[in-house]
Amino acid sequence: MLTAYITHPSYLQHDMGDWHPESPARLRAIDDRLHAAHLFDYLLHLEAGPVHRSQLLRVHDAAHIDAIEAASPREGMHALDPDTSMNPHTLDAARHAAGGAVMAVDRVVRGEAANAFVACRPPGHHATRNQAMGFCFFNNVAVAAAHALEQHGLERVAIVDFDVHHGNGTEDIFRDDPRVMLCSTFQHPFYPHSGSDTASDHIVNVPLPAGTTGQAYREAFTSRIMPRLEAFRPHMLFFSAGFDGHREDDMAQFGLVEADYVWITEQVMKVAARHAAGRIVSVLEGGYDLSSLGRSVAAHIKTLADL
């Protein structure tokens, strides 16, 4: 079976302005690198469908969904906060981003793909149950995880969030749901200024200082995340795959490189092989330096696809 690569044209139409780092150029950089690395033709290419409201309601309040829909402008731009804005195409893109994550779960659980990468935008892991923030509107990976539990009857799932920012929205959504283990590594202190004081059996936050190197990151991941994942024995694993911890990305101050993302992918794939029949869905989050983003995603996908 092939690795599924899921996209949708609406992802390129969501645009928050030429100044904004979360831009359509991010997906073009990934696509270009997949072609340059001769990976594109080895993937199962799928076009995302829209998420259903009932799927969003598993993780978001109805009032939040209604507010996002009401804020969608007919023209121009509508700012929800200084970092997070909607143009007339944003709502459609957000619905298809969450829908792409749902599609990935369906394909992987049904055995129609070995695993999946969802090349979506807007990202999702900062979206809480009732608030859009940090470039995020709906929490794509949370929608996917809830779908795996409720639609496919899996008992336990785990989310590994290696974005350089804490997955505060995902934590907010699953704080009281022990069926979901969230493992989030992130620079601290840093936006969104959360996660350092969480104490929970199923929320594993690993705050790391600015300047963290690949070696230090690997040591922390090995000692603080891997034992918890193994003990949890998840039936499916998800990546909140943010590549903004790369040393070339000036949005943060980590020192990771492509080889570190390969290593993270390999470690989680080993857990998936032992406990989850290899089931993994990876959902794009951050990564704003276009060159390092393209290279890192290609390395991540090449590892998932065992190429």
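Remarks
- Any pair with Cβ under 6 angstrom, 6 or more apart, that starts in segment 124-153 at a residue that is under 13 Å from residue 192 (Cβ atoms) and ends at one that is of a type in the set (Asp, Glu) and in a loop (DSSP other than H, G, I, E, B): 125/285; 135/22
- Unique residue being buried (at least 24 other Cβ atoms within 10 Å of the Cβ), part of a loop (DSSP other than H, G, I, E, B) and not hydroxyl-bearing (Ser, Thr, Tyr) when the list is 108, 164, 160, 143: 164
- Candidates 299, 273, filtered to the one that is within 22 Å of residue 39 (Cβ to Cβ), over 17 Å from the mean Cα position of the chain (by Cα) and of a type in the set (Gly, Ala, Ser): 273
- For the condition modelled with pLDDT of 95 or more, buried (at least 23 other Cβ atoms within 10 Å of the Cβ) and of a type in the set (Asp, Glu), residue 172 does not qualify.
- Residue within segment 115-122 that is touching a Phe, Trp or Tyr at 6+ places or on another chain (Cβ under 9 Å), assigned to a helix (DSSP H, G or I) and crowded, with 24+ Cβ neighbours inside 10 Å present: no
- Checked against (1) closer than 24 Å to residue 210 by Cα; (2) out of contact with any helix residue (DSSP H, G or I) (no Cβ under 7 Å at 6 or more places or on another chain); (3) part of a helix (DSSP H, G or I), residue 300 passes all but a single condition, namely (2).
- Of the residues examined, residue 265 is not one that is outside any strand (DSSP E or B) and at pLDDT below 95.
- Output for segment 221-239, where each listed residue is among the aliphatic types (A, V, I, L, M), closer than 18 Å to residue 163 by Cβ and in a helix (DSSP H, G or I): 225, 229
- Enumeration of residues in segment 73-94 that are part of a helix (DSSP H, G or I) and in contact with a helix residue (DSSP H, G or I) (Cβ under 8 Å, 6 or more places away or on another chain): 91, 92, 93, 94
- Of everything in segment 67-105 that is within 21 Å of the chain's Cα centre (by Cα) and hydroxyl-bearing (Ser, Thr, Tyr), the residue that is surrounded by the most Cβ atoms within 10 Å (Cβ to Cβ) is 90.
- Scanning segment 240-249 for residues that are of a type in the set (Gly, Ala, Ser) and assigned to a loop (DSSP other than H, G, I, E, B), we see that the one that is nearest to the chain's Cα centre (by Cα) is 242.
- Yes/no for residue 5 being part of a strand (DSSP E or B), touching a residue at least 24 places away in the same chain (Cβ under 8 Å) and under 21 Å from residue 290 (Cβ atoms): yes
- When 234, 209, 227 are screened for being of a type outside the set (D, E, K, R) and in contact with a Lys or Arg (Cβ under 6 Å, 6 or more places away or on another chain), only 234 passes.
- Subset of segment 268-283 [touching a Lys or Arg at 6+ places or on another chain (Cβ under 9 Å) and either over 26 Å from residue 102 (Cα atoms) or part of a loop (DSSP other than H, G, I, E, B) (or both)]: 276
- Only a single criterion out of (1) under 20 Å from residue 285 (Cα atoms); (2) in contact (Cβ under 8 Å) with a residue 12 or more places away in the chain is not satisfied by residue 82, namely (2).
- Test: residue in segment 184-200 that is out of contact with any Lys or Arg (no Cβ under 6 Å at 6 or more places or on another chain) and closer than 18 Å to residue 148 by Cβ: no
- Residue selected from segment 167-176 under the condition touching a residue at least 12 places away in the same chain (Cβ under 8 Å) and assigned to a loop (DSSP other than H, G, I, E, B), by the criterion nearest to residue 232 (Cα to Cα): 175
- Test: residue in segment 49-62 that is modelled with pLDDT of 95 or more, more than 21 Å from residue 280 (Cα to Cα), in a helix (DSSP H, G or I) and aliphatic (A, V, I, L, M): yes
- Of all the criteria given as (1) small (Gly, Ala, Ser); (2) under 30 Å from residue 153 (Cα atoms); (3) not in a helix (DSSP H, G or I), the one not satisfied by residue 252 is (2).
The values are calculated or read from the model by the stated rules, or taken from the named source; none is laboratory data. The structure presented is a predicted model; accordingly, all values stated were derived computationally and were not measured. Because the Cβ atoms are built from the backbone with ideal geometry, glycine has one as well, and the counts that use them run over all protein chains shown.
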